[in-house]
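To start, the structure itself, in structure tokens.
Throughout, read-outs are computed from the coordinates displayed, never taken from laboratory work. Owing to the predicted nature of the structure, the values given are computational and were not obtained by experimental measurement. Cβ placement follows ideal geometry from the backbone for every residue including glycine, while neighbour counts extend to all protein chains displayed.
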Amino acid sequence: MKIGVFDSGLGGLVITRAFIEALPEYDYVYYGDTANLPYGDKTSGQILAHTLDAVKYLVQKKCALIIIACNTATSVSLRYIQQRFMPQYAPDVKVLGVVIPTVEEAADAVSKVGVIATNATIRSHIYREELHKIKPDLQIQEIAAPELVPALESNNFADAEKYAEEYTSRFTNIEALILGCTHYPLLKDCFRQLVKKNVRVISQDEFMGKKLKDYLERHWEIDITLSRRAEYRFFVSEVNDHYQKVAAGLFPGIGIERRE
Ligand code: DGL
């Protein structure tokens, strides 16, 4: 059985690389729903439908552990999938998201946190809710950045940087900034230059690998079901040149396949 990773597009590849760097011996199946992105501007119903489809696909690909490496899909659908869908559909398969590990990383030693994410993630207020569970008096400023994912997906880094600057300037007196979208690590250096020196930029590619490792150490009952042949497969719902190039840069020699 394998580890499945799902995102709407490019962002999840960055997170998959973090997993593979931390745990290279496992077998991974990645699925990017490039035909339907951006998820951030869709309704909750649409996001749930696409996420359920992706989870079913990864179950069919023999994944025993599925990580929804998309903040938008996690925000809208993880609870439903964990509590209602999986117990009926595939009770032995575990599905995890990216919000809780990020919140654990951010809540320490700060009193005001900024969150930048897609429209749907901000609308869900999941970061605010989960941060307040850990630290009820934390001040949280949330900003939706709908233009960033489309700019990154169309390889328009110049525009993406301009938008990042505009959005970052709206945060006031934050001590940490959560990049609450798996696409934003592609812009993390830019965000680090834009924020004041004392602001910690929390980028999911920098700790998700360690979080997965910790999880598997604690959940040996899942770990023992996972195969270790270091086989990595990457599927997308629609192949495009930019995607192929980014993937080849992150995983030299590995091709992207169209979902069958
Ligand atoms: N990468 C996804 C996330 O983490 C969203 C991208 C999209 O809008 O499709 O939120």
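The table below gives the values:
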item: Debye equation applied to the C-alpha atoms of the chain, log10 I(q)/I(0) at 0.12, 0.17 Å⁻¹; result: -0.67, -1.38
item: Rel. contact order, % - alpha carbon contacts under 8 angstrom, at least six apart, the chain; result: 28
item: In nm, spacing of pseudo-spin labels at residue 228 and residue 173 (7 Å Cα→C-beta vector); result: 5.0
item: Cα centroid of the range 100-124 to Cα centroid of the range 198-237, whole Å; result: 20
item: Relative contact order of the range 1-154, pairs being alpha-carbon contacts under 8 Å that are 6 or more residues apart, as %; result: 24
item: Spacing of the two label points (7 Å from each Cα toward its C-beta) at residue 220 and residue 62, in nm; result: 2.5
item: Rg over Rh [alpha-carbon atoms, Kirkwood Rh] for the range 96-243; result: 1.00
item: Separation of the residue 257 and residue 210 label points, Cα + 7 Å toward Cβ, nm; result: 3.4
item: As computed over the range 220-260, the Cα convex hull volume per residue (Å³); result: 103
item: Debye, to nearest 20: dipole size of the range 1-148, +1 on Lys, Arg Cβ, -1 on Asp, Glu Cβ; result: 400
item: Residue among 97, 138, 163 farthest towards the positive dipole end of the range 95-179, charges placed on Cβ; result: 138
item: Ranked packing of 248-258, 58-68, most packed first, by mean Cβ within 10 Å; result: 58-68, 248-258
item: In degrees, nearest ten, helix 71-80 long axis to first principal axis of the chain (Cα); result: 60
item: Between 0 and 90°, nearest 10: helix 157-168 axis offset from the chain longest Cα axis; result: 50
item: Selection of trypsin sites (Lys or Arg not before Pro), the range 110-192, meeting DSSP coil and at most 11 other Cβ within 10 Å; result: 170
item: Convex hull volume of the range 1-145 per residue (C-alpha atoms, cubic angstrom); result: 109
item: Dimensionless Rg ratio for the range 18-86, taking C-alpha atoms and the 2.2 N^0.38 Å reference; result: 1.14
item: Surface/4 estimate of mean projected area, convex hull on alpha-carbon atoms of the range 53-107, nm²; result: 3.8
